[in-house]
Amino acid sequence: TLDGGLNVIQLETAVGAAIKCFDNALGINVPRSRFLPVKTTSDLLLVMSNLYSLEAGSLTMSEKREFPTTPHVKLGSSFTK
């Protein structure tokens, strides 16, 4: 439940719990370069920026980027949710 009383469902928790329903299911570690979770407003700003482009359904980092890592975006507490 968010501060304003809105009920939300955290999908990765539901998926993690559902894995037991499948025979021989396995979990894998996916590097951040292949998985871009959006958990904060800062994450959303990075994904929506021109740092990434959408190609064939996948977000890829711009080749024009001088550094291989993503910038650190830290917003004030007003932007937490």
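Please treat every number below as a calculation from the coordinates, not as lab data. Bear in mind that the values here come from a model prediction, so they are computed numbers and not experimental data.
So the values come out like this:
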quantity	calculated
Hits among lysines - C-alpha to C-alpha of K74 under 17 Å, sequence gap 8 or more where chains match	K39
Aspartates and glutamates with Cα under 19 Å of K20, excluding same-chain neighbours fewer than 8 positions away	E12
Amide proton proximity set for Y52, modelled H, under 5 Å, gap of 5+	S62
In Hz, Karplus ³J(HN,Hα) per residue of segment 41-58 (6.51, -1.76, 1.60; θ = phi - 60°; x = Gly, Pro)	4, 4, 4, 4, 4, 5, 5, 7, 6, 7, 5, 10, 10, 9, 10, 6, x, 10
